[in-house]
Amino acid sequence: MNYLEAKKLYKSIGVDTDAAIEKLKKVAVSMHCWQGDDVNGFDSKEALSGGIQTTGNYPGKAKTPDELMADMDKALSLIPGKHRINLHASYAVFEDGEWADRNALLPKHFAKWVEFAKARGLGIDFNPTFFSHEKAEGMTLASADENIRKFWVDHAICCIRIAEYFAGELNTFCTLNIWIPDGMKDIPADRLGPRARLKKSLDEIFATEFDKDKVLITLESKVFGIGLESYTVGSAEFYLSYAAKNGIMPLMDNGHYHPTEYVSDKIPTMLLFNDKIALHITRPVRWDSDHVVLLDDETKEMAKEIVKNDALDRVVMALDYFDASINRISAWVTGMRNWQKALLGALLTPWKEMKELQDSGNFTRLMVLGEELKTYPLGEVWNEFCNQCGQVSGIEWLSEVEEYEKNILLKRG
Ligand code: RNT
Ligand code: ZN
């Protein structure tokens, strides 16, 4: 089957494939820099902490800003469409032996990233880094130690200034996502105290003036982390309540819920109560393992909830995973392409008709149509989308990654 035949088939069920392709071209997804170096960053020699973990020892990981930028470039060159990049504060680029602690980071420490993004027409999203630091051995924004708590409040405020700098330089908004690892391995004596301190820290951070159209702050909740199994200060209820009360955007990471909970089911609710919401798209395997995003059922289901509710411009989408056991560039490309494929599948679905079938109680036709669609020629439309974006479809891109691995990655010391 070719594209024209596929187009005809979709047309017979009321779906316009050309319109779907045009819509997908406009979707920018934020590609996370931290897949490229196993969440190491450049600002300290501290091991990764915060209850998150990379596993694997695949050769060729980026160890310098130049290497990371080259690898991201390679990945972006193999992903159809125009996207954004997502940085952590720990990826500051210090020059001439200079170094600044997290509470003293300045826009100039990210000038290299702005240069990189400008040259490629990319937007930048940003994250304060509340882990992999000596002052993050216990709690951070919820710390009972005033000096430590203050240190991290100052860090967040530095990051707001840097986010403003990104937005100003690149002429597009900057999402600033706050995630803290604060929690406890064992049963807490006091669950309220740390949450009250987190609330106070957030109030202090948000007392800073900033342009809310340019810097979109998001709050990311979690259920537990490794070594922090019994208690998480920034739970779902905590951030949902804080976000709702203060007009801040909530962020859902689909690895941050109990395994029988689905973010796809949460998306429509959140759309009812928020102008905009944000996502970290990942793949949890039994825990928040951050495997590469596949074209699996829940990924497709999340994409459907965005598309069928006409919310492509109300959901800020970022990838968040880190697999160190495979070629890291292939991890980026696979995840980005899969999320786009999931969106395309959702765009090729006759939602109006299917919603009507649900409302009129015709569950038989609804089920059969849904099942038939599973074998419709999504691949042909995907190939056409890739062609129109000047990209190869299929796995031809992998040969380029393999070449790059042989010539560049394996030669790294
Ligand atoms: C951790 C959160 C968080 C991090 C990144 C590195 O569980 O998902 O978003 O993965 O900030
Ligand atoms: Zn996340």
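The values are calculated or read from the model by the stated rules, or taken from the named source; none is laboratory data. Just so it is clear, the structure is predicted and the values come from calculations on it, not from any experiment. We place every Cβ from the backbone using ideal geometry, glycine too, and count neighbours over all the protein chains shown. These accessible areas exclude ligands, DNA and RNA; they are computed on the full protein's heavy atoms, side chains included. Shrake-Rupley method; radii C 1.70, N 1.55, O 1.52, S 1.80 Å.
Rg over Rh for the stretch 132-212 works out to 1.04, using Cα positions for both radii and the Kirkwood form for Rh. Sorted into 5 angstrom bins from 0, the C-alpha pair distances of the stretch 1-56 split as 4, 13, 15, 12, 7, 7, 7, 9, 12, 8, 5, 1 percent. Per residue, the accessible area of the stretch 307-413 comes to 48 Å² when a 1.4 Å probe rolls over the protein heavy atoms. Take 270-277, 305-312 and order them by the average number of nearby Cβ atoms within 10 Å per residue, most first; the result is 305-312, 270-277. Per residue, the average separation of C-alpha pairs within less than 8 Å and at least 6 apart gives the chain a relative contact order of 20 percent. Coupling constants for the stretch 149-162 follow from the phi torsions by the Karplus curve (6.51 cos²θ - 1.76 cosθ + 1.60, θ = phi - 60°), and in residue order they are 4, 5, 4, 6, 4, 4, 4, 4, 5, 4, 5, 5, 4, 5 Hz; glycine and proline get x.
Among the listed pairs Lys45/Lys199; Lys63/Lys406; Lys26/Lys61, which have their C-alpha atoms separated by more than 25 angstrom in this model? In this structure, Lys45/Lys199; Lys26/Lys61 lie more than 25 Å apart at Cα. If you take all other residues with their beta carbon under 13 Å from the beta carbon of Met31, and give Lys and Arg +1 and Asp and Glu -1, the sum is +2. Take the alpha carbon gyration tensor of the stretch 179-309, find the square roots of its eigenvalues, order them as a ≥ b ≥ c, and report rounded if a/c is under 1.5; if not, report prolate when a/b exceeds b/c, else oblate. Note, shape of the stretch 179-309 comes out oblate.
Close amide H contacts of Thr218 (hydrogens built in the peptide plane, cut-off under 5 Å, sequence separation of 5 or more or a different chain): Leu176, Asn177, Ile178. Scalar couplings 3J(HN,Hα) for the stretch 311-317, obtained by applying the Karplus form with A = 6.51, B = -1.76, C = 1.60 to θ = phi - 60°, are 10, 4, 9, 10, 10, 8, 10 Hz; x denotes Gly and Pro.
Where the centroid of each part is defined by its Cα atoms, how far is the stretch 128-181 from the stretch 363-377 in Å? When both Cα centres are located, 46 Å separates them. In the stretch 323-413, taking the dipole from charged Cβ atoms about the Cα centre, the farthest positive-side position among Trp382, Met336, Ile395 is held by Met336.
How many angstrom lie between the C-alpha centres of the stretch 282-325 and the stretch 192-256? Value for the Cα centre distance between the two parts: 20 Å. A viscosity of 1.002 mPa s and a temperature of 20 °C, combined with the Kirkwood radius over C-alpha pairs in the Stokes-Einstein formula, give the chain a diffusion coefficient of 96 µm²/s.
Among DSSP beta bridges whose residues both lie in the chain, state the antiparallel percentage, nearest 5. Here the antiparallel bridges make up roughly 15 percent for the chain. Placing a pseudo-label 7 Å from each Cα along the Cα-to-Cβ vector at Glu301 and Ala244 gives an inter-label distance of 2.3 nm.
Give the Debye-formula value of log10 I(q)/I(0) at each listed q (0.14, 0.16, 0.26, 0.28 Å⁻¹), with one equal scatterer per alpha carbon of the stretch 27-78, two decimals each. Normalising to I(0) and taking log10 leaves -0.41, -0.53, -1.16, -1.25. Using R0 = 30 Å, the C-beta based FRET efficiency linking Glu400 and Thr172 works out to 0.60. Quick one: plug the Kirkwood hydrodynamic radius of the stretch 269-311 (C-alpha pairs) into Stokes-Einstein at 4 °C, 1.567 mPa s, and report D in µm²/s. Roughly 111 µm²/s, to the nearest whole number.
Annotation for Asp275 and Glu98: the two label points, set 7 Å from Cα along the Cα-Cβ direction, are 3.6 nm apart.
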